[in-house]
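The values are calculated or read from the model by the stated rules, or taken from the named source; none is laboratory data. Since this is a predicted model, take the numbers as computed values, not measurements. When we count neighbours, we look across all protein chains shown, and the Cβ atoms used for this are built from the backbone with ideal geometry, even at glycine.
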Amino acid sequence: MDKKVRVRFAPSPTGFMHVGNFRSALYDYLFAKKNGGDFVLRIEDTDQKRFVPGALESLINVLDWAGLRYDEGVFQSAGIKNDKIPTTESKNYPGILEAGEFEPYIQSEKLEIYKKYADQLVKSGHAYYCFCEPERLEKMRADQTVEKKAPMYDRYCLHNVSEEEINKNLKNSCSYTIRMKMPEGEMIEADDLVRGKVSFKTDLIDDQILMKSDGFPTYHLANVIDDHEMGITHVIRGEEWLPSLPKHILLYRYFDWELPKFAHLPLLLNPDKTKLSKRQGDVAVEDYIKKGYLKEAIINFVALLGWNPGAGETQEIFSLDELVQRFELEKVHKAGAVFDLKKLDWINAEYIKKLSIDELYEKALPFFEQKEFFIQAGAEKKSPEFLKRVLTVEFDRLPKLSDVGENNQFFFATDLNYDKSLLRWKEMTDEYLKKNLEKVQELLGNISEDEWSRENLEAKLLAVAGEKRGELLWPLRAALTGTQKSPSPFEVAWVLGKTESLRRIEKAVSLVV
RNA sequence: GGCCUCAUCGUCUAGCGGCUAGGACAUCAGGUUCUCAUCCUGGAAACAGGGGUCCGAUUCCCCUUGAGGCUACCA
């Protein structure tokens, strides 16, 4: 029997959830669930300097929002977790809970453990104390750069500091770090699940610092220890970690631990193909939530960036459950993928079209409430009934929720401002135009409130319009909207209601004279 | 600079020795239509270059080129 699959998402709380990170989390989740395994959320907060208040909460919120449920790890409230494992309060973060067999899941809460393992490596000769000051290291690197050599620690402390000196320094509480000792002349080979064979020469790898002078471990040490202790079977992470893979492999060997499987995901790219970054657009998942992208769309889109089911598959829209069923690490691409908003817009529009009007209303309301035209509108224009009619008409015209009403502000205006010439259809005379306006005025006036439906309006108007639809419909639509482009006059009249529609037509008639 | 990785239409990709190199988004043209959107039809659009291997390379190997990542007491 194979061991139960366990994967982890291990972000550091240094900012908001980055879409690249989010995709890693998604792939972690898909892989875990596809294989009936566990998904763990661990927090790698070993860099105190880069800690950002609120980042931890943001990370948890985004995972929760997206519905990427994890089985163990760090939670914000008891309600979020999905089993009966007892939760404990985080030592370092008020309000944060931890639950799972392998607590703590926050690295800053298990510093002694990392220290213990680091000491073990020193004892076994695979690591050593380094008392070099930052200034010295900086100068050393500068010199090496000038000489066009790869900047690497020169092992001063390994060769020139005696046992006694080490003990003396430690007794005097001198500041120190613990460095990993790279073996010489060795080739480290690994079998990456997405890249296949990769290899590295140890001679070209620096003696990585494992324990920092502030008593915190570096990523490399903490990551390996935790992955081992938590029984992680598959390490799925971004390609930026590939160069440090040999260090990790060596650590597993030094500790004599079983190696997990590794999968390094391709990077998400800016349009100019550099690593996706701020500056060239939004990178935080929360930015996209704010813009009105649905979680289903973001998940769908991001999943397809670097993976697809292959085999002549033409399906583009996948639910989270479908993704779980179809996902395979072997089908993950090797090359980076450009984060292209155009396709996101399309996918989002597809998901919006699938919503019921009530669902759309619920999701769209917060976006309406931010719009100036909405804030200025009268109370009757803010009623759920009215807004739902607006949304019914906008369904097919909405790439994202933040676009609501944007192109149809005339719905909310109390008075339309437009040039009289807008009312004219092609070369029609003022006289004829007025006649036509009066014709629809009369026609609509005769439709009772009860019969004021889209279907009815369309049927009645088209019956009268006959061959020359434009002569009747264009002036009507222009009178109702005051714009060049809009939904059909039937839809607009329906949304506006009888009273308002007739009022707008009346105004148009008076304009023509 | 060194190391590692990558390379099919503008973008996301299918392809795993023999295909008119397929799909999607975007784009263009037409249709539907009072305008817009939707929808339908059609078009343009790619194997980075050079060597091999092979009867035969987009596919396998090598080189070149290009791109990216890493190169911290950051993750």
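Among the residues making up region A:490-506, those that are within 43 Å of the chain's Cα centre (by Cα) and surrounded by fewer than 21 Cβ atoms within 10 Å (Cβ to Cβ) are A:Gly497, A:Glu500. Count of region A:472-489 residues, restricted to those that are buried (at least 21 other Cβ atoms within 10 Å of the Cβ) and either touching a strand residue (DSSP E or B) at 6+ places or on another chain (Cβ under 7 Å) or part of a loop (DSSP other than H, G, I, E, B) (or both), is 2.
For region A:145-170, the candidate set comprises residues that are away from RNA strand B (no atom under 14 Å from the Cβ) and either aromatic (Phe, Trp, Tyr) or more than 18 Å from A:Met211 (Cβ to Cβ) (or both); within that set, the residue that is surrounded by the most Cβ atoms within 10 Å (Cβ to Cβ) is A:Glu165.
Filter region A:191-220 down to residues that are under 30 Å from the mean Cα position of the chain (by Cα) and more than 9 Å from RNA strand B (Cβ to nearest atom) and give me whichever is farthest from A:Pro11 (Cα to Cα). Top of the filtered list is A:Asp191. Within region A:384-418, which residues are out of contact with any helix residue (DSSP H, G or I) (no Cβ under 9 Å at 6 or more places or on another chain) and not in a helix (DSSP H, G or I)? If the condition is that a residue be out of contact with any helix residue (DSSP H, G or I) (no Cβ under 9 Å at 6 or more places or on another chain) and not in a helix (DSSP H, G or I), then A:Asn417 is the only one that fits.
Apart from one condition, A:Thr314 fits all of (1) near RNA strand B (Cβ under 9 Å from one of its atoms); (2) surrounded by fewer than 17 Cβ atoms within 10 Å (Cβ to Cβ); (3) under 20 Å from A:Asp192 (Cβ atoms); the exception is (3). When A:Ser90 is tested against (1) without any contact (Cβ under 8 Å) to a residue 40 or more places away in the chain; (2) away from RNA strand B (no atom under 15 Å from the Cβ); (3) closer than 30 Å to A:Asp207 by Cα, exactly one condition is not met: (3).
Give me the residue from region A:462-471 that is over 14 Å from A:Arg424 (Cα atoms) and more than 8 Å from RNA strand B (Cβ to nearest atom) and, out of that set, surrounded by the most Cβ atoms within 10 Å (Cβ to Cβ). Ranking the candidates gives A:Val464 first.
Restricting the first member to region A:126-154 and to residues that are without any contact (Cβ under 8 Å) to a residue 60 or more places away in the chain, and the second to residues that are within 8 Å of RNA strand B (Cβ to nearest atom) and hydroxyl-bearing (Ser, Thr, Tyr), the beta-carbon pairs closer than 7 Å and six or more apart or on different chains are A:Tyr129/A:Tyr176; A:Phe131/A:Tyr176; A:Pro151/A:Thr145.
Counting just the residues of region A:272-311 that are away from RNA strand B (no atom under 11 Å from the Cβ) and among the basic types (Lys, Arg), which one comes out nearest to A:Glu350 (Cα to Cα)? So the residue we want is A:Lys295.
For (1) away from RNA strand B (no atom under 16 Å from the Cβ); (2) of a type in the set (A, V, I, L, M, F, W, C), each residue gets a yes or a no:
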| residue | (1), (2) |
| --- | --- |
| A:Trp65 | yes, yes |
| A:Phe75 | yes, yes |
| A:Pro86 | yes, no |
| A:Pro94 | yes, no |
| A:Ala99 | yes, yes |
| A:Gln120 | yes, no |
| A:Ser124 | yes, no |
| A:Pro134 | no, no |
| A:Arg141 | no, no |
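Scanning region A:257-282 for residues that are acidic (Asp, Glu) and within 18 Å of A:Lys3 (Cα to Cα) yields one hit, A:Glu258. Going through region A:177-220 one residue at a time, which ones are in a strand (DSSP E or B), without any contact (Cβ under 8 Å) to a residue 60 or more places away in the chain and farther than 30 Å from A:Leu329 by Cα? Correct list: A:Thr177, A:Arg179. Within region A:142-168, being part of a helix (DSSP H, G or I), under 40 Å from the mean Cα position of the chain (by Cα) and modelled with pLDDT of 95 or more holds for no residue. Of all residues in region A:335-348, those that are within 7 Å of RNA strand B (Cβ to nearest atom) and farther than 12 Å from A:Asn300 by Cβ total 7.
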